[in-house]
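To start, the structure under review is shown below, and the notes come after it.
Coordinate-derived values only; no laboratory data. Just so it is clear, the model here is predicted, and its values are computed rather than measured. Please note: Cβ atoms are built from the backbone with ideal geometry, for glycine as well, and neighbour counts cover all protein chains shown.
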Amino acid sequence: MDSETNSILIEDSDDSLLDFKELNDLEYDIPPVAPPTLESVLWDLESEEGSDSTSLHSLHSLTQKSKSMLYHGILQGISSQVASAGERVSAGLPTVISNSVKFVAVGTSHGFALAFDSEQKLCWCCHDLSTNDQGAISALAFNLDSTRLLVGYERGYISMIDTNSGDVIRRLPDAHAPQSAVLHLRFTSLNGLALSGDSAGCVFSLTFNRRLGVRTWDSKCLFSGARGEVCVFEPLVQDHHLQLLGHHILVAMATLSKVIVIAIRPRLKILFTQQLPRVATTLPLLSWQIVSVGKVLQPVLAWGRSNELNYTRVLAGLNGNKLRLSQLRSVRLSYTLSTIHWIGSRHLVTIDTSENLRLIEVRTQRELEVIDITSAGLVYSSAHFKALALGGGVSEAFALAGERACYSSIVSRGDQLLVLGTKNVQIVKLRTWSERLNYLSDQGRWAEALNLAAEENMHRDKAAMVLLEKFLINLIQNGVDRDSLTAAVNCCVKLNKM
């Protein structure tokens, strides 16, 4: 073993796989991970124009942010068309959702895949006749440039769709373990490399090529579920213009007992492993984001299970060499997690088992806002985790943990998050600073709007002045309360407009 890399090197062969229970920190020389002791080392995030970090430390910050930071609404266009497809062409109920920079895709219980553009217009509806006996769509994944969509089914079939035409261009009938449902599909940063996970707890790499005009594919088992079932995995996907880690492709995976981060390119290496809380009725959770730590962009992995939440960052040497992971923080929550997603680079969204969505400011771990999303009728994929369409056959522990699985019902990208429900598709979005000002003023919450403008007025005098003009008009027409008037005076003082 190469002691400098602190990793395992696996030869590139069809039988190259690892069993999680056999991973031993001492045997494989995995360095111990201890959280730093200084808060300044944890999250030295620089303030940016438009950030909310300034107001987080103010006396009025939590009051100002209450029910103003998040927009929560229903995607009526998508919701109505999914419902219409269920009635008109017997598409069935929605089962999974995925999104990209161009599309939102919804899969249904009768094997239909529907794609919508940013205006919520239906681009195409695909129902591959060769998958009539494959049951519900259980997984969807777009590639980075939105040209391909992978579709996985509860009876194990996988297909690839050209998103420009909606046509099936590849069929993968036996790409993973037999008699197992497809639970996860993810593209990496490379269009020709994806990953699949199934109800047997196995993870496979899928490679796609085109030789002499013929589209080909190949499947290789990365991890066997025989000695540690993988519940979830998330590759770190970087935009093409970012080369933070050189040619490395990282994947975070979690079994029922531990979380592990590996590099699958240029060669397979174990970089990090940590034990998870043993709570039989909950699933492990993973979410990547590129964040600014000091003056450097670094990948940060949020991970956890039950009521425990952790943050771990990836450190790279020159040219992305000698990767190592450093634990940043571990947080104990007062509720049980169902899912976690980054929303922007400074905030994390958590959803608990009561379907309450919480907005968390990552650096301070303050809870900024809570939204009840029970009105969506959140879709759970417990039937897929139990492989009911194939007669069961999964382990008792795997089935129990997946009772409230919603990995494929909630997706995030950028500053927004989509929630797939049986009743509708909902969107939760971070409001910009100016959107928050408009929202608060339109609701007549002048004190909150003016305090926000006063606190974050740098380089934004114009927007603050527009707000003051609206306030004066409202003052003349309707009058205002004392707190609003005090806030207006304070705002004028901050802007030197007295």
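If I stretch the segment between residue 335 and residue 240 completely, what's the gain in nm (0.36 nm per residue apart, minus their alpha carbon distance), one decimal? Can you show the working numbers first?
Working: separation 95, 0.36 × 95 = 34.20 nm, distance 3.75 nm.
Contour length minus Cα-Cα distance gives 30.4 nm.
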For the residue 123, residue 416 Cβ pair and Förster radius 25 Å, calculated FRET efficiency rounded to 0.05 is 0.85
Per-residue ³J(HN,Hα) for the range 434-442, Karplus 6.51 cos²θ - 1.76 cosθ + 1.60, θ = phi - 60°, Hz, x for Gly and Pro:
5, 5, 5, 4, 5, 4, 5, 5, 5
If amide hydrogens are placed 1.01 Å from N in the peptide plane, which non-local residues have theirs closer than 5 Å to the one on residue 93?
109, 110
Dividing the convex hull volume of the Cα atoms of the range 86-178 by its residue count, what figure in Å³ per residue is obtained?
88
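Considering only DSSP states other than H, G, I, E and B, which GluC sites (Glu not before Pro) in the range 67-169 qualify as loop sites with at most 11 other Cβ atoms within 10 Å? Spell out each step's value before the answer.
On the way: sites: 87, 119, 154; in loops: 119, 154.
Of the GluC sites (Glu not before Pro), the ones in loops of the range 67-169 whose Cβ has at most 11 other Cβ atoms within 10 Å are 119.
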May I ask you to evaluate 6.51 cos²θ - 1.76 cosθ + 1.60, the Karplus curve with θ = phi - 60°, for each residue of the range 356-369 and list the ³J(HN,Hα) values in order in whole Hz, giving x for glycine and proline?
9, 9, 10, 9, 10, 7, 5, 5, 9, 6, 7, 7, 9, 7
Backbone HN-Hα couplings from phi across the range 220-236 [Karplus 6.51/-1.76/1.60, Hz, Gly and Pro as x]
9, 6, 8, 9, 8, x, 5, 10, x, 6, 7, 8, 7, 9, 9, x, 7
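Just subtract the alpha-carbon distance of residue 147 and residue 382 from 0.36 nm times their residue separation and send over the number in nm, one decimal. Before the final figure, lay out each step's value.
Details: separation 235, 0.36 × 235 = 84.60 nm, distance 2.98 nm.
So the extension gain works out to 81.6 nm.
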Taking K and R as +1 and D and E as -1, what net charge do the other residues with C-beta under 11 Å from the C-beta of residue 350 add up to?
-1
So how far apart, in nm, are the two label points at residue 403 and residue 374 if each is 7 Å from Cα heading toward Cβ?
1.8
Enumerate the amide H contacts of residue 353 below 5 Å, restricted to partners 5 or more residues apart or on another chain; note that Pro and chain-start residues carry no placed amide H.
336, 338
Pairs over 29 Å Cα to Cα, from 386/423; 121/423; 102/386; 220/322; 258/423, come to 102/386; 258/423
Quote the FRET efficiency, to the nearest 0.05, computed for residue 164 versus residue 365 with a Förster distance R0 of 56 Å and r equal to the Cβ-Cβ distance.
0.85
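Of the listed peptides 233-239, 257-263, what is their order by residue-averaged count of other C-beta atoms within 10 Å, with the highest listed first?
On the way: 233-239: 18.9, 257-263: 21.0.
Most protected by this proxy first, the peptides run 257-263, 233-239.
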Pulled fully out, how much extra length does the chain show between residue 102 and residue 423, if you take 0.36 nm times their separation in residues and subtract their Cα-Cα distance?
113.2 nm
